[in-house]
Every structure is written in C-alpha cells, then in structure tokens.
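The values are calculated or read from the model by the stated rules, or taken from the named source; none is laboratory data. On a predicted model such as this, the values are computed, not experimentally measured, just so you know. Positions of Cβ are generated from backbone atoms using ideal geometry, with glycine treated the same way; all protein chains shown enter the neighbour counts. Side chains included, ligands, DNA and RNA excluded: accessible areas come from the protein's heavy atoms. Shrake-Rupley method; radii C 1.70, N 1.55, O 1.52, S 1.80 Å.
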Amino acid sequence: MSGHTRETERLVDLRSDTVTRPTPGMREAMARADVGDDVFGDDPTVNRLQERVAELLGKEAALFVPSGTMANLCAVLALTRPGDAVILSDDAHPFNYESGNLAMVAGVLPRTIPAQHGILNPEAVREAIIRTEDHHFAQTTLIEIENTTNRGGGAIYPIETAADIFALARENGLRVHCDGARVFNAVVESDVPLEEYAKHCDTISFCFSKGLGAPVGSILAGDAETIDRAHRFRKMLGGGMRQAGVLAAAALYALDHHVDRLREDHRRAREFRATLEGTKGLAFPIPSPTNIVYIEVANAPRKVLSLQKRGVLVKATSPTRIRVVFHLDITDEGISKAVKAFQQTA
Ligand SMILES: Cc1ncc(COP(=O)(O)O)c(C=O)c1O
C-alpha cells in the first residue's frame, strides 16, 4: 500500500481511473442529496439511481453497491450455487484481482480460458462448457465477460461476440454476467448503445468510481428475482449502506455530466501513445482502443520509480509491463508532462 495524497496536486496520476476526485459540481450535488436509510429501502436518491439505471440498461431492477468487486461477487452468488463452474477469461478481473473471492466466498470453480485481449472466443467457450449427469464434473452454470477489459488494454467486446456468447449460454441453460466496470468507455467509443450491450447478458454491472469520476459506488442490474437475491447477498457481505444517497447523488451527477467526456480520455490515450510510439526502450504490446495503455519496458518497477521522481505515477502490472490509465483529472498539460517523463527515462 502506498499513498500520494500530500503531493497529489503536482503529480500526474496515471495509475488508474479510480484516483479521480469529485468535482465541485459533484460535491454540491452530494451536499444537496435527499437521503434516508437505504437498508430499509428509504433512500430516495438511491432509489432514483437504481430506477434510472435499470431503465437505461433495459433491465427490471438495479442494486447500488459499494464496489465493482461486490457487484461481481453478488452477481456470481445470485446466479450460481457452490460447486458450480464459472467460465471466464484468464485475464478477467475477478480471477486476477478480487482476492480469490470466487473460491473463498462464492465457492465456485473458475474455469479460465485464454482470450485475446480478454475477449472470450465463443468457440473456446463452447468447448469449456460442461453439462452432464456424470457426477465427476462440476456443472458450468455461468459465463462472465468483461467490457471493456482491464488486463486486455481496455478492449471493447464486439457486440456480435457478446451476442454469440449469450446465445450459446441460452442454448446450454447457462447465465451470463457482464462485468461492465468500464462499459461507458465501450459505449462512447463504439457507438453501440448501452442497452444493446445489456441485452446480451442476464446481469450487468458498472462502476461510477472509475472514468465516471464518482468517489464510491457501482451498480448491478438484471431481472427482479436475481437482483432480489443479490440484495440479500449484499447484506450478507456487509454492503448494506445507510444514508447512501450522498453517494448515489454523485453517481447521478456522473451519469449527467461525465459520460460523453470519456471520449477525451480516449483521445488523450491515443495521443500519448502515438507520441511515444517508436521511442527506444518502449513497446506497445496490445492495442489501446479506450483509456488504458500498456507499455512493455525492460524493468517495470525501476521505470515506475524513475517516472515517480519526475512527478508521473503509473503502475507496474508485471516485471516488464506498465499500465497507464487516462481519466477526468488528467489534462493536456498532464499528458505533455507524462510524455516528457517517459522520453527522459527511456
Ligand atoms: C474490470 C474491472 N472489474 C471490476 C473492478 C473492481 O472494482 P472495485 O475496485 O470498485 O472493486 C475493476 C477495478 O479496477 C475492474 O477494472
């Protein structure tokens, strides 16, 4: 764990799109929020957010939760039983970065498959499905997809691929959960409507606390019965929040003001990458269609420290790979500073 709070003002923090701080307008909306006890279902702002998101996604119901991790976990708990197998990419967030909760909390068997840029290939999914009366086998009951993909460089699910996977799931009596932590990045970049992405899964979650710039909160949507089950699991996991309207107000503000501007993050990511492409000692191993850029270097931890000395924060995701993420708090000046720091340390 590390903290950079004291120096935040002069640092260009590209470690993640989760580092954004609420804007003055968002803080004002939070201060004005009408609130109640959401564990009793009494918070009008949370209720408004849930209804609005359900409608946006074309789902029956939605549930506000503290984090993307809890949204994914509630979905898995609501859609599976312990001992079931869940198919997901070996780059998927829950498999890599959710502290083993699939095994420890949901008690499911992750059946991971290799996937280019984190996008599952429907044929590979078909081969991994196990539905049999033979009691040797864990039964596959769920497929998880991620849109956009974090470890896949912000890759966008082609809508046809999402549709094929959902059709395959239906054919085999399986459910599909979409971890749409950054689904709005997919929407603005692809021009595929949100509802269209949501149509090809049983449940979908997204985060307000990433590119959308809210301080806390994610949401899970699906049919009423599944969301009711998820509501019980949210309580069980300690995720029932009381006057959560102050957070829901930030989320509503983000939906009103911070969706279209995600295009700016994508433009900055493209410009940053284009300027540095060809620089000695830096390679770009995968495409960067949205706000995440991966850079291959000889010694990532050493590079991270050299950049930090120049006021630029990035994350090493492997001994030779660095992740750079663009967001609301990054300006064009910030990009220039980051580019210069990369050039000086190359
Ligand atoms: C694709 C994806 N899913 C889920 C999460 C988890 O979100 P949280 O950090 O709010 O638990 C993240 C966080 O970075 C993510 O990138």
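Can Glu127 be described as more than 28 Å from Lys235 (Cβ to Cβ), part of a helix (DSSP H, G or I) and assigned by TED's automatic domain parsing to the domain that holds Ile204?
yes
When Thr148 is tested against (1) within 16 Å of the ligand (Cβ to nearest atom); (2) part of a loop (DSSP other than H, G, I, E, B); (3) surrounded by fewer than 24 Cβ atoms within 10 Å (Cβ to Cβ), exactly one condition is not met: (3).
Being more than 23 Å from Gly211 (Cα to Cα), crowded, with 16+ Cβ neighbours inside 10 Å and in contact (Cβ under 8 Å) with a residue 12 or more places away in the chain is the requirement here; does Thr320 meet it? If you could, list the steps in order and put the result at the bottom.
Values: more than 23 Å from Gly211 (Cα to Cα): yes; crowded, with 16+ Cβ neighbours inside 10 Å: yes; in contact (Cβ under 8 Å) with a residue 12 or more places away in the chain: yes.
It is true that Thr320 is more than 23 Å from Gly211 (Cα to Cα), crowded, with 16+ Cβ neighbours inside 10 Å and in contact (Cβ under 8 Å) with a residue 12 or more places away in the chain.
Taken over the range 215-232, the criterion of being part of a helix (DSSP H, G or I) and surrounded by fewer than 23 Cβ atoms within 10 Å (Cβ to Cβ) is satisfied by Ala224, Glu225, Asp228, Arg229, His231, Arg232.
Residue under question is Thr290, and the condition is that it be in contact with a Gly (Cβ under 6 Å, 6 or more places away or on another chain) and of a type in the set (Val, Ile, Thr); does it hold? Yes; evaluated as a whole, the condition is true for this residue.
Only residues that are surrounded by fewer than 24 Cβ atoms within 10 Å (Cβ to Cβ) and outside any helix (DSSP H, G or I) were counted in the range 177-208, giving 5. Do you know which residues across the range 266-297 are of a type in the set (A, V, I, L, M, F, W, C) and either in contact with a Cys (Cβ under 9 Å, 6 or more places away or on another chain) or open to solvent by 40 Å² or more (accessible area, probe 1.4 Å) (or both)? Across the range 266-297, the qualifying residues are Ala274, Ala283.
Pull up the range 151-165, narrow it to residues that are open to solvent by 20 Å² or more (accessible area, probe 1.4 Å), aliphatic (A, V, I, L, M) and outside any loop (DSSP other than H, G, I, E, B), then point me to the one that is farthest from the ligand (Cβ to nearest atom).
The extreme case among them is Ala163.
Filtering the range 89-121 to residues that are more than 16 Å from the ligand (Cβ to nearest atom) and touching a helix residue (DSSP H, G or I) at 6+ places or on another chain (Cβ under 6 Å) leaves Val108, Arg111, Ile113.
Residue-wise test of (1) in a helix (DSSP H, G or I); (2) surrounded by fewer than 17 Cβ atoms within 10 Å (Cβ to Cβ); (3) touching a helix residue (DSSP H, G or I) at 6+ places or on another chain (Cβ under 6 Å).
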residue	(1), (2), (3)
Leu247	yes, no, no
Glu264	yes, no, no
Val324	no, no, no
Gln344	yes, yes, no
